[in-house]
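*Asks:* This is the structure, below, for whatever I ask next.
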Amino acid sequence: MCPEAALRRFVSEPLEPAGDAYVTAAAAGEPPLPARFTWRGEELGVQRLLRTWRSTKTDRGDTYLKRHWFEFALPDGRIAQVYFERQARCGAPRWWLYTIGHRAELGG
């Protein structure tokens, strides 16, 4: 296991978008990134978007876009990695907190 991965806090819990403000605009199938989320009663505000990427899955020879990933800095210095689940079941959460930690822990 790489040292950086050992220091990250793996969460994998649903997030609830808070408010109507967005950091990014919706464009060409991309979800807009909410400016704030609620997780375990704590507000996670997006201070600065650091990077975005996508992941795919292959099913019966076809490749599908599965998740939109976002990494951003929080006002308290922590870094969060979240994803938007494109193929979520009806009523299931679409936004998920994947990892959270401090910049040094995440190799930055």
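*Asks:* Out of curiosity, is ARG54 at pLDDT 90 or above and not aromatic (Phe, Trp, Tyr)?
*Replies:* Values: at pLDDT 90 or above: yes; not aromatic (Phe, Trp, Tyr): yes.
It is true that ARG54 is at pLDDT 90 or above and not aromatic (Phe, Trp, Tyr).
*Asks:* Okay, moving on. Determine whether region 37-50 contains at least one residue that is over 15 Å from ILE100 (Cα atoms) and over 15 Å from the mean Cα position of the chain (by Cα). Talk me through it step by step, then tell me what you get.
*Replies:* Step one: filter region 37-50 for residues over 15 Å from ILE100 (Cα atoms), giving 41.
Still in the list and also over 15 Å from the mean Cα position of the chain (by Cα): 41.
Checked region 37-50: at least one residue is over 15 Å from ILE100 (Cα atoms) and over 15 Å from the mean Cα position of the chain (by Cα).
*Asks:* Continuing with the same structure: Filter region 69-81 for residues that are more than 13 Å from VAL23 (Cβ to Cβ) and part of a strand (DSSP E or B) and give the result.
*Replies:* TRP69, ARG78, ILE79, GLN81
*Asks:* Something else about it: Would you check if there is a residue in region 35-58 being out of contact with any Leu (no Cβ under 9 Å at 6 or more places or on another chain), free of Cβ contacts under 8 Å to residues at least 60 places away in the same chain, at negative phi and not in a strand (DSSP E or B)?
*Replies:* Looking through region 35-58, at least one residue is out of contact with any Leu (no Cβ under 9 Å at 6 or more places or on another chain), free of Cβ contacts under 8 Å to residues at least 60 places away in the same chain, at negative phi and not in a strand (DSSP E or B).
*Asks:* Check off (1) among the charged types (D, E, K, R); (2) surrounded by 15 or more Cβ atoms within 10 Å (Cβ to Cβ); (3) modelled with pLDDT under 90 for ARG60 and give me the number that stays unchecked.
*Replies:* (2)
*Asks:* A follow-up question, please. Write out, first by first residue and then by second, each pair whose Cβ atoms fall under 7 Å of each other, whose residues are 6+ apart or on separate chains, and whose first residue, in region 91-108, is more than 18 Å from ARG78 (Cα to Cα) while the second is at pLDDT below 85 and not in a strand (DSSP E or B).
*Replies:* Short answer, once both residue conditions are applied: ARG94/ALA88.
*Asks:* Does LEU49 qualify as being among the hydrophobic types (A, V, I, L, M, F, W, C) and either surrounded by 17 or more Cβ atoms within 10 Å (Cβ to Cβ) or closer than 16 Å to PHE10 by Cα (or both)? It would help to see each step written out before you state the result.
*Replies:* Values: among the hydrophobic types (A, V, I, L, M, F, W, C): yes; either surrounded by 17 or more Cβ atoms within 10 Å (Cβ to Cβ) or closer than 16 Å to PHE10 by Cα (or both): no.
So LEU49 does not fit the description; no.
*Asks:* If you take the residues in region 23-34 that are assigned to a strand (DSSP E or B) and at pLDDT 85 or above, which one is nearest to ASP76 (Cα to Cα)?
*Replies:* Our first condition is that a residue be assigned to a strand (DSSP E or B); within region 23-34, this holds for 27, 30, 34.
Keeping just the survivors that are at pLDDT 85 or above gives 30, 34.
On the way: GLU30: 27, PRO34: 18 Å.
Taking the candidates together, the pick is PRO34.
The values are calculated or read from the model by the stated rules, or taken from the named source; none is laboratory data. Fair warning: this is a prediction, and the values are worked out from it, not measured in the lab. Using ideal geometry, Cβ is built from the backbone for each residue, glycine included, and neighbour counts are taken over all protein chains shown.
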